[in-house]
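The values are calculated or read from the model by the stated rules, or taken from the named source; none is laboratory data. Just so it is clear, the structure is predicted and the values come from calculations on it, not from any experiment. Heads up, the Cβs are rebuilt from the backbone with ideal geometry, glycines too, and the neighbour counts pull from every protein chain shown. The accessibility values were calculated without ligands, DNA or RNA, using every heavy atom of the protein model including side chains. Shrake-Rupley method; radii C 1.70, N 1.55, O 1.52, S 1.80 Å.
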Amino acid sequence: MRPIDVSTRVWTRLLDLRTEGGSEGAPEWTEAEKAAFDLYAPLASRNGGYVTVAQIGQSLDGRIATVTGDARDVSGPDGLAHLHRMRALVDAVVIGVRTALHDLPRMTVRLCEGPNPARVVIDPKGRLPDDAPLLQSQEVRRIVVQAVDRPRPNGVEVIRLPDQNGALCARAILAALHDANLQTIMVEGGGITIANFLDAGLLERLHVAIAPLLIGGGPQSLTLPNPVRRLSDAMRPDAQIYGLGSDIVFDCDLRA
Ligand SMILES: NC(=O)c1ccc[n+]([C@@H]2O[C@H](COP(=O)([O-])OP(=O)(O)OC[C@H]3O[C@@H](n4cnc5c(N)ncnc54)[C@H](OP(=O)(O)O)[C@@H]3O)[C@@H](O)[C@H]2O)c1
């Protein structure tokens, strides 16, 4: 496991990567600073084309919330800082409507320096109310992906896609976001939404952040629509393990 140190000089370099390009750290950095750069550079760089990454914060027993849906502090403080760093580096953050309705997330960057990403909610049936907090800010792009004719508040962009037996095609969602000029995208949850992108083979990376707590019940981290029957058929991505402090993260490379 590689412990990370997101020092000011590393974070500045990562934010610069978004605009200036390049892919190198600096030789004088410590091993922990180099590890931090390796963890975040694939999200920050705009050199390699489109990148779609998912991040899920889970307990030791693989839960992402309690039985009542309380998910606020599944991740420890360093796991939360990790999530905010990812938000600051990508162009857009995508969530499913169940997370939008339950958590009322702000989807802003508060635990590090950096810009707020565009916010995308997948809401096929048009369930998200107009006064949802994440639709309010005029300073960032707000996008709803839906299958129904439903007007949204002024300034909120709508991507209308066909309903295919109750589902929206994840590939079509991603293509529409690319057409909307969003190159690097983080799918932030919940489990259903991430699983849709994972099952369609659309994720380049998956960050599984694990916090040392046991919840005992509640929604599972990831459940695929077509799970394998034999372990020999399981996905076994190349994974680097990073020590965030309070939490650890498995950075899985799914490109193969
Ligand atoms: N620990 C974490 O990292 C984390 C992160 C986020 C959320 N959470 C927790 O996770 C729970 C919610 O997650 P969840 O998995 O139940 O739901 P979710 O992924 O937030 O939302 C799923 C819903 O989004 C819509 N949706 C997403 N992708 C779609 C697609 N390709 N086609 C059609 N519809 C699509 C559907 O809406 P309809 O139902 O309207 O059809 C679907 O039921 C909450 O308890 C939340 O607190 C935890």
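Which one, Thr19, Thr108, Thr52, has the greatest fluctuation when you compute a Gaussian network model over the chain with C-alpha springs under 10 angstrom?
Sorting by GNM fluctuation, first place goes to Thr19.
What number, in percent, do you get for the relative contact order of the stretch 133-256 if the mean sequence gap of Cα pairs under 8 Å and at least 6 apart is divided by its residue count?
It rounds to 19 percent for the stretch 133-256.
Give me the 1.4 Å probe accessible area per residue for the stretch 165-232, excluding ligands and nucleic acids, in Å².
Each residue of the stretch 165-232 exposes 50 Å² on average to a 1.4 Å probe.
Any chance you could get the radius of gyration and Dmax over the Cα atoms of the stretch 132-256, in Å?
Gyration radius and largest Cα-Cα distance of the stretch 132-256: 17.2, 51 Å.
Can you compute the modelled spin-label distance between Asp61 and Asp149, with each label point 7 Å from Cα toward Cβ, in nm?
4.9
Quick one: net charge of Pro27's neighbours, Cβ under 13 Å, K/R +1, D/E -1?
-1
How long is the chain along each principal axis, judged by its Cα atoms, biggest number first, in Å?
That works out to 56, 44, 32 Å along the principal axes.
With N residues in the stretch 40-85, what two-decimal value do you get for its Cα radius of gyration over 2.2 N^0.38 Å?
Normalised Rg, Cα atoms only: 1.45.
Calculate the translational D of the stretch 2-52 in whole µm² s⁻¹ from Stokes-Einstein, where the hydrodynamic radius comes from the Kirkwood formula applied to all Cα pairs, the temperature is 25 °C and the viscosity 0.890 mPa s.
Reported coefficient: 224 µm²/s.
Got a number for carbon plus sulfur as a percent of the chain's accessible area, 1.4 Å probe?
Here it works out to 50 percent.
With contacts defined as alpha carbon pairs under 8 Å and 6 or more residues apart, what's the relative contact order of the chain in percent?
In percent, rounded to a whole number, it is 26.
In whole angstrom, note down how far apart the Cα centers of the stretch 87-124 and the stretch 26-52 are.
22
Could you tell me what % of all Cα pairs in the stretch 27-124 have separations over 22 Å?
I get 37 percent for the Cα pairs in the stretch 27-124 exceeding 22 Å.
Name the GluC sites (Glu not before Pro) in the stretch 83-158 that are in a loop by DSSP and that have at most 11 other C-beta atoms within 10 Å, would you?
Glu139
What residue among Arg142, Arg127, Arg63 shows peak mean-square fluctuation when the chain is described by a Gaussian network model with Cα springs under 10 Å?
Per the Cα network of the chain with a 10 Å cutoff, Arg127 tops the list.
With springs only between Cα atoms under 10 Å, which of Ala172, Ala35, Ala100 fluctuates most in a Gaussian network model of the chain?
Largest GNM mean-square fluctuation: Ala172.
Excluding ligands, DNA and RNA, what is the solvent-accessible area per residue of the stretch 51-95 at a probe of 1.4 Å, expressed in Å²?
Each residue of the stretch 51-95 exposes 31 Å² on average to a 1.4 Å probe.
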